[in-house]
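To start, the structure itself, in structure tokens.
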Amino acid sequence: MKSINKAYINGEFTELNGKEVFELINPSNHQKIGEVVLGDEIDTRKAVEAAKNAFTTFSKTNIEERIVILSNLKKAVAEREEDLIETMILEYGGTRQFCTMGFQNMVSAFDNMIETLNHFEFSRKAGNTLVQMTPVGVVGIITPWNSSNSFICNKFATAVAAGCTVVVKPSEMSALQTQIIIECFHNAGLPKGIFNVVNGLGSVVGNEIVNNPDIAKISFTGSTQTGKMIAKGAVDSMKRVTLELGGKSPNIILDDSDLNEVIPQAVFGAYMNSGQACIAPTRLLVPQSKIEEVNAIAKAVAQQVVVGNPSNEATNVGPMVSEKQYERVQSYIQLGVEEGAELLVGGVGKPEGLENGNFVKATIFTNVRNDMRIAQEEIFGPVLSIIPYNSEEEAVAIANDTSYGLAAYVSSSDEKRALNVASQIEAGRVCVNGFKHDPLAPFGGFKQSGIGREFGAYGLEEYLEPKSILV
Ligand code: NAD
């Protein structure tokens, strides 16, 4: 059993003022695997002070120096592949498939920022004026549990590229994973104080980050509810915010699609990261005329989905991160039944033989109406809603009839037709014919899925303030 009892401040593992202890529980079997001592406001202020002091020199580094740091970070992370993957499986319950991909994302975050820096103009002309893109200041990074280290790597890589220093508050449920990434960054020989971490609760450490006047910007990934609180709190000191929030992404299957190809993709896609993915395509929009065929394929596919031990190579869906999250997903499955959606496969309760962990049955509702709560609210578990539509126009209207706008998916055998539909969808990212990722393209949400963008040049600009110098 591991005990995490230090913060990481000014390049050192530091004693905490906070005393509260949080237990770390393996979601696959409910065994205690460790504990973390939570930091408090005093610890957070120390971390902010270190970041503030470091900013005075780090903000003046040149691009070449930042690239050296980014490549050292990449090397240091790559060296701990096994630890990073195994700890994520143990503490979070992510499947081996997902955690392996998550590790690749961590490593590539540094390469992507190096690539971005190679083409980025920090000094520009606008009219007759010189515009300097200057680092915004100390950035508070607040992350969720569902891909914790990928978010930390991506956000910190962007901060380094911009010349910003950071204070990170990861999810308290990710302390073992965070410890390894801190060790990696420590081994990378960073300038002291540019990277600081305080484990703690959102209401304590998170709240201090939101209110601390020495923090200039917050980069947050998490729920829309928390994002709204952060945005409200940030306005008092006029902090810049990037908010990557929830989603309820539509997946439109146009009537010329090969159902035997796209429906299996759609089902496995909805279950990505055990359904705990903000970009998961959880609303499957299919032509009414094909609903029976779709149901038959989807049901057969869901029955092949392997729910179970996340460590096994073949597992597609692991446990929910916590009992609270398990209960939340159960309550939505129950709600779907009460709302009158047709349960095609799965349902409430744990799959047989998996009673000791937070396992949910791979579940599909069909003939769902888009005004049902299971179609409107983010469930964050392996629950897919199939929604029939009668025309392409209606499909677009249903896709856009949501308060979210993070991602969307369109399939058609006619790419031009799919592109035309994609251009009408209100979402920050629309994938045509399959699940795609471009780490240099802007990522972020329309509507209540967030504010601002991450990745590539668009993401880097969010950590910079344009300064116009008129001579
Ligand atoms: P959450 O909003 O509950 O918590 C996220 C982080 O915010 C945690 O570190 C938490 O401790 C902290 N926090 C909580 N209250 C706070 C407060 N008052 N002030 C400051 N910080 C506070 O989210 P979660 O349950 O950890 O993660 C799941 C959510 O994250 C889902 O809604 C999902 O869609 C979203 N998410 C979004 C993206 C994206 O890129 N858009 C990616 C992954 C997850």
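The values are calculated or read from the model by the stated rules, or taken from the named source; none is laboratory data. Everything quoted here is computed from the prediction, not taken from an experiment. Here the Cβ is made from the backbone with ideal geometry for all residues, glycine too, and neighbour counts use every protein chain on show.
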Have a look at 276, 265 and point out the one that is among the polar types (S, T, N, Q), more than 16 Å from the ligand (Cβ to nearest atom) and either closer than 30 Å to residue 455 by Cβ or out of contact with any helix residue (DSSP H, G or I) (no Cβ under 8 Å at 6 or more places or on another chain) (or both). 265
If we keep just the residues of region 370-405 that are touching a strand residue (DSSP E or B) at 6+ places or on another chain (Cβ under 7 Å) and of a type outside the set (A, V, I, L, M, F, W, C), which is surrounded by the most Cβ atoms within 10 Å (Cβ to Cβ)? 382
Kindly indicate which of 143, 100 is surrounded by fewer than 19 Cβ atoms within 10 Å (Cβ to Cβ) and at pLDDT 95 or above. 100
Can you pull out every residue in region 36-70 that is in contact with a helix residue (DSSP H, G or I) (Cβ under 8 Å, 6 or more places away or on another chain) and among the acidic types (Asp, Glu)? 40, 41, 43
From the list 199, 207, 149, which residue is modelled with pLDDT of 95 or more, surrounded by fewer than 21 Cβ atoms within 10 Å (Cβ to Cβ) and farther than 21 Å from residue 59 by Cα? 207
Please indicate, with yes or no, whether at least one residue in region 213-223 is farther than 26 Å from residue 439 by Cα, outside the structural domain of residue 321 (by TED's automatic domain parsing) and touching a residue at least 40 places away in the same chain (Cβ under 8 Å). yes
Of the numbered conditions (1) surrounded by fewer than 24 Cβ atoms within 10 Å (Cβ to Cβ); (2) more than 30 Å from residue 379 (Cβ to Cβ); (3) within 11 Å of the ligand (Cβ to nearest atom), residue 238 fails exactly one; give the number of that condition. (3)
Any residue at all in region 112-128 that is touching a residue at least 40 places away in the same chain (Cβ under 8 Å), among the aliphatic types (A, V, I, L, M) and within 22 Å of residue 38 (Cβ to Cβ)? no
If you go through region 323-343 one residue at a time, how many are of a type in the set (A, V, I, L, M, F, W, C), buried (at least 20 other Cβ atoms within 10 Å of the Cβ) and more than 30 Å from residue 23 (Cα to Cα)? 1
Pairs please, first residue from region 427-453 and touching a residue at least 12 places away in the same chain (Cβ under 8 Å) and over 14 Å from residue 250 (Cα atoms), second anywhere and in a loop (DSSP other than H, G, I, E, B) and basic (Lys, Arg), Cβ atoms under 6 Å, 6+ apart in sequence or on different chains. 442/453; 444/453
Criterion violated by residue 458 - all others in (1) within 16 Å of the ligand (Cβ to nearest atom); (2) touching a residue at least 60 places away in the same chain (Cβ under 8 Å) satisfied: (2)
For region 386-405, give me each residue that is within 16 Å of the ligand (Cβ to nearest atom) and not aromatic (Phe, Trp, Tyr). 402, 403, 405
Could you check residue 233 against (1) without any contact (Cβ under 8 Å) to a residue 12 or more places away in the chain; (2) outside the structural domain of residue 366 (by TED's automatic domain parsing) and say which number it fails? (1)
Evaluate the following for residue 319: is it closer than 28 Å to residue 411 by Cβ, within 23 Å of the chain's Cα centre (by Cα) and surrounded by 23 or more Cβ atoms within 10 Å (Cβ to Cβ)? no
Check 299, 290 and return the single one that is away from the ligand (no atom under 16 Å from the Cβ), closer than 13 Å to residue 367 by Cα and not hydrophobic (A, V, I, L, M, F, W, C). 290
Being more than 20 Å from residue 270 (Cβ to Cβ) and surrounded by 18 or more Cβ atoms within 10 Å (Cβ to Cβ) is the filter here, so list the residues in region 427-445 that pass it. 439, 444
